[in-house]
Amino acid sequence: MATRSIPSDIEISRNAQLRPITSIASKLGVPESAIETYGKYKAKVFLSELEDIPLKENSKLILVTAINPTSAGEGKTTVSIGLCDALNQLGKNSCLCLREPSLGPCFGVKGGATGGGYAQVVPMEDINLHFTGDFHAVTAAHNLLAAMVDNSLHHGNPLNLDSRQILWGRTLDVNERALRSIVLGLGGTANSVPRESFFIITAASEIMAILCLSDGLFDLRERLGRIVVGYNVEGKPVTAADLKAHGSMAVLLKQALCPNLVQTLEGSPAFVHGGPFANIAHGCNTVAATKTALKFADYVVTEAGFGADLGAEKFFDIKCRKAGLKPTLSVVVATVRALKCHGGVAKQDLETPNTEAVARGFANLERHIANIKKFDLPVVVALNKFEGDTDDELAVIQNACAKLGVKCACATHWRDGGKGAVELAQTVLETINETRQYQFAPIYSDELSIKQKIEKVAKEIYHAGFVSYTKQAERQLADLVARGCDTLPVCIAKTQYSFSADPKLLGAPEGFELSVRELRWSAGAGFVVVMTGEIIAAPGLPKVPVAESIDINENGDTVGLF
């Protein structure tokens, strides 16, 4: 097959014939009174106008996840977009729900996060940059709380905060390693109390998690009030409500809580809202956007970040548990190239056909399939087809899936748009319509202890041999248990590249040690963050960041953004 030249993502986006966002809302059935437009092609949807509209009966929630990511690329977002477009081409009422891109990765390693080729959400430039200001609102609310902590210290410390036990740092939506550890308050008594502190990226802020899990404005306010900013000299938690900060924080986030409505290149309605990382946070778009989509669409396609061991597990065990959502089916995305990586092939050799490496790498996909089934959900494999993939390599994956009793469909949506994902959409519909009744359930119950929940995920999803804890983690675990946090779900932060905490351990490793080095109580979000490996909440820029190639040309157009 001859290779067809494809314009760049930004060229495709810029040449697209977008529909007015009011017509997209009307097509979906969102009342005009609930829409506030941001220009012609973006809108906020007011939740208050939709309170009396129930979730649509028998609407289907489809999760798109993937194998562990590699430098070869998997294309989970493009598959989500292509599948939604294909379902609409087949005459189904389908809507898309994605996360918002973070500026950090856009200017760092990853670039944009709006899909690619002919499977994009648009307007691409707006969404990848400032969009409707949600990230800025989260940043402002987070830093307002930080400022009020230091203001309380400065004005006599009425809450008796222990300056050595303040847990709340600052945030910034930029990759900046120099701000990971800082000292505040230098320059004399007029500049508050000197102390050590830190920065994290906005996507890792507990406020981002709270925004994504809140079920309304007053739920948001109450969650904000429960944020633990530190401990007083008696060892008791001090909260945002104690500082009387949660009301003003909620005001800053009031507009950000409203879902953002945009469209795909083919005019499918798309909610792009919220943006927690999946290797640090829970990696899902907002509950508000997902439930809004389920009020109007028969099929809602959503995505969870990185591989199924991170994004899908947290989608099921945190988001669905908290929001009472019942997913219908999961699509697991894989590519020939990525499976070659998991089969031991170096990046420079991926273009060389290698069925043996594909067969070895299939172990990673097989593990993810088995894991999804543990939640009692049907699975479909989406083979995101690249130009260089051979029929023999594709056949290895298809035959292996058939032996597992799992349907597998190729997709060429990047090149062909929605029509390139019709086979996948038909396979999804066939699987949903099969007679077996699935009974989705999280993998662990609320009644298990924090340690039991960690070990359940580590052993059943990651296939770790055992879990170890640093002395610091053991102390923090005992403290959390004493504070009654055992009923909370766990949000495990680890590398996305492997089932283990070692990014170099590819494929489907077993029996390894998972070391827990720190536990953090996210009281407002309602989960315990479990830090493993070398995961940090403030990423740095690479040696050659994407920012170096982004510019404005002589016509005033953005170039280098992808």
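The values are calculated or read from the model by the stated rules, or taken from the named source; none is laboratory data. Given the structure is predicted, the values throughout are model-derived calculations rather than measurements. For neighbour counting, all protein chains shown are included, and Cβ atoms are generated from backbone atoms with ideal geometry for every residue, glycine included. Note: accessible area is taken over every heavy atom of the protein model, side chains too, but ligands, DNA and RNA are not part of it. Shrake-Rupley method; radii C 1.70, N 1.55, O 1.52, S 1.80 Å.
Debye-formula intensities of the stretch 113-178, expressed as log10 I(q)/I(0) at q = 0.27 Å⁻¹, are -1.13 (one equal scatterer per alpha-carbon, no solvent). Each 10 Å bin from 0 upward holds the following percent of the Cα-Cα pairs of the stretch 17-75: 17, 32, 27, 21, 3. Shown for the chain: cysteine residues without a partner Cβ closer than 4.7 Å, namely Cys84, Cys95, Cys97, Cys106, Cys212, Cys258, Cys284, Cys320, Cys341, Cys410, Cys485, Cys491. What whole number of Å gives the distance from the Cα centroid of the stretch 212-243 to the Cα centroid of the stretch 4-37? Computed from Cα coordinates, the inter-centre distance equals 38 Å.
Within the assembled protein chains, the solvent-accessible surface assigned to Thr487 is about 90 Å², based on a 1.4 Å probe. Between the alpha-carbon centres of the stretch 419-481 and the stretch 176-200 there is a gap of 38 Å. Using bins of 5 Å that start at zero, the share of Cα-Cα pairs per bin across the stretch 406-528 amounts to 2, 9, 14, 14, 13, 12, 12, 10, 8, 4, 1, 0, in whole %. Just tell me which lysines come within less than 19 Å, Cα to Cα, of Lys40; anything on the same chain fewer than 8 places away is out. The reachable lysines, counting only those whose Cα sits under 19 Å from Lys40, are Lys27.
Using the per-residue mean of other Cβ atoms lying within 10 Å as a proxy for protection, in what order, highest first, do the peptides 325-334, 533-542, 32-41 fall?
On the way: 325-334: 23.2, 533-542: 17.8, 32-41: 14.3.
Top of the packing list down: 325-334, 533-542, 32-41.
Sorting the segments 467-480, 513-526 by their residues' average number of neighbouring beta-carbon atoms within 10 angstrom, most packed first, yields 513-526, 467-480.
Computed on the Cα trace of the stretch 138-266, the radius of gyration divided by the Kirkwood hydrodynamic radius gives Rg/Rh = 1.02.
Rule-of-thumb check for the stretch 395-454: C-alpha Rg over 2.2 N^0.38 Å? Let's see the in-between values first.
Working: Rg = 17.5 Å, N = 60, 2.2 N^0.38 = 10.4 Å.
Relative to the 2.2 N^0.38 Å estimate, the stretch 395-454 comes out at 1.68.
What 222 nm value per residue comes from the helices of the chain, counting each DSSP H run with n ≥ 4 as -39,500 (n - 2.57) and dividing by all residues, nearest 500 deg cm²/dmol? Working shown, then result.
Details: 17 runs with 172 residues, N = 562.
About -9000 deg cm²/dmol.
The Cα center of the stretch 501-523 and the Cα center of the stretch 314-364 differ in position by 18 Å. Compactness of the stretch 1-131 is given as radius of gyration and Dmax, 16.5, 53 Å, from Cα positions.
Pairs Lys407/Lys494; Lys314/Lys453; Lys373/Lys453: which exceed 21 Å Cα-Cα? Over 21 Å Cα-Cα: Lys407/Lys494. If all Cα-Cα distances of the stretch 168-238 are sorted into 5 Å bins from 0 onward, what percent lands in each bin, rounded to whole numbers? The percentages, shortest bin first, are 3, 14, 16, 18, 21, 15, 9, 3, 1.
Tell me the carbon and sulfur percent of the accessible area for the stretch 424-562, rounded to whole percent, probe radius 1.4 Å. Carbon plus sulfur share of accessible area: 50 percent. Taking Cβ atoms as reference points and 11 Å as the exclusive limit, the residues near Ile81 contribute a net charge of -2, counting Lys and Arg as +1 and Asp and Glu as -1.
Computed across the stretch 261-334, the Kirkwood radius stands at 12.9 Å (inverse of mean 1/r, all Cα pairs). Over all pairs of different C-alpha atoms, the chain has a mean inverse distance whose reciprocal, the Kirkwood radius, equals 24.1 Å.
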